[in-house]
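The values are calculated or read from the model by the stated rules, or taken from the named source; none is laboratory data. Please read all numbers here as calculations on a predicted model, not as lab measurements. Cβ sites come from the backbone with ideal geometry, for glycine too, and all protein chains shown count toward neighbours. The accessibility values were calculated without ligands, DNA or RNA, using every heavy atom of the protein model including side chains. Shrake-Rupley method; radii C 1.70, N 1.55, O 1.52, S 1.80 Å.
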Amino acid sequence: MHISEGILKPEILIGGTIVSIAIGSYALKKLKNEEIPLVAVFSALFFLASFIHIPVGPASVHLILNGIIGAILGVRAFIAIGIALLLQGLLFGYGGVSTLGINTFNLALPALIGYAIFSLHVNNNLIKKIKYFFIGFLPVTTSALMLSITLACNGESLIPAAKIAFIANMPVMFIEGFITMFALLFLEKVYPKILNEIK
Amino acid sequence: MKYLIVLLLFFSSVYAHKLYIIADDNGKTLHIKSYFTKSSFCQECKVEIFGNNDKVLFEGKTDKKGNASFPFTMKNIDIEVTASMGHKNRISYESENEIVSIEQNESYKKILLALGIIAFIFFILKLIKK
């Protein structure tokens, strides 16, 4: 899901950076002191999730977890994901500093879909499970789609890579759907307070 | 009878100078011990580790207790120990351990470092927000 340095055109990089800084600044302004530990925990979770690789054919993809992060943090997911991506770029070469803006945009903006779905009020247990599944499924699908669009916007030469990137992430969409569903059901049972921590 | 005694002396002499090699690894380091008898270690003996196509991977010498250690980088290797007076032995060694590369160790350190930085950044943010 990380776009490496030296691939994208400067206008895409600058556009992504401006939007991410704008939303990140808004999130920082909105961030309350008591919410900071929770954002830090989810930043660490996002950072670590990238090291959990799932083999897909000859290659492998990794977990993203932007849905559950968005569901709990809302717009503050931009801070958590942005910082984790910065460290992944600096220490491991996943993505990079110049692509930090566009990568944050592609991963953190879909996290807000998770937040929107989470805000929907549902009473039925089965529908609630489906809702939790989509909190994981839809943000990853949107991120993969945005990644593919970003690559395709760069020029025709990257269109095959854009298609492969989307197809390669398809298993992750379902895996994250189920992981998020079980994680939210578990949190709801053992620590329901966390689900209403950030408004 | 004379012949038998001569023969026994000859074989005991050969046995006394047989060079033994024991090798073990923990996935990171290959440990080698070389000796003639339980109390006679192969001291300052040349040790060579061979990989594929007899390519020398590492070279070194044993210490006073006949021990030598090398980085463990291949699962199938040959170990050759050469002592003075031309005593030499070569064994094939196959490990069941997975290779723990230095890069992997570095990754764990970097992950811990990153988690520390995340904690530090948010700690600073908490101070600012206070």
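Of the residues making up the stretch B:74-88, those that are open to solvent by less than 60 Å² (accessible area, probe 1.4 Å) and either outside any strand (DSSP E or B) or within 12 Å of another protein chain (Cβ to nearest Cβ) (or both) are B:M74, B:A83, B:H87. Please indicate, with yes or no, whether at least one residue in the stretch A:27-35 is within 17 Å of A:L109 (Cβ to Cβ) and either surrounded by fewer than 14 Cβ atoms within 10 Å (Cβ to Cβ) or acidic (D, E) (or both). Looking for residues that are within 17 Å of A:L109 (Cβ to Cβ) and either surrounded by fewer than 14 Cβ atoms within 10 Å (Cβ to Cβ) or acidic (D, E) (or both), one finds at least one in the stretch A:27-35, hence yes. Within the stretch A:36-50, the residues that satisfy the criterion of being open to solvent by less than 10 Å² (accessible area, probe 1.4 Å) and more than 9 Å from chain B (Cβ to nearest Cβ) are A:F46, A:A49, A:S50. Each residue in the stretch A:8-26 was checked for being open to solvent by less than 70 Å² (accessible area, probe 1.4 Å) and either over 19 Å from the mean Cα position of the chain (by Cα) or more than 14 Å from chain B (Cβ to nearest Cβ) (or both), and 10 pass. Quick one: would you say A:G82 is of a type outside the set (A, V, I, L, M, F, W, C), under 24 Å from B:K126 (Cα atoms) and open to solvent by 10 Å² or more (accessible area, probe 1.4 Å)? In short, yes. Only residues that are charged (D, E, K, R) and closer than 14 Å to B:S95 by Cβ were counted across the stretch B:24-60, and they come to 3. Restricting the stretch B:89-130 to residues that are at pLDDT 85 or above and not in a helix (DSSP H, G or I) leaves a set whose member that is farthest from the other protein chains (Cβ to nearest Cβ) is B:N89.
Residue by residue, here is whether (1) closer than 17 Å to A:S50 by Cβ; (2) open to solvent by less than 80 Å² (accessible area, probe 1.4 Å) holds:
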position: A:T104; (1), (2): yes, yes
position: A:L120; (1), (2): no, no
position: A:I127; (1), (2): no, no
position: A:K131; (1), (2): no, yes
position: A:G136; (1), (2): yes, yes
position: A:T141; (1), (2): no, yes
position: A:S148; (1), (2): no, yes
position: A:P171; (1), (2): yes, yes
position: A:I179; (1), (2): yes, yes
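Listed by position, the helices (runs of 4 or more DSSP H) enclosed by the stretch A:3-96 that each have at least 2 residues that are free of Cβ contacts under 8 Å to residues at least 24 places away in the same chain are A:10-30, A:36-49.
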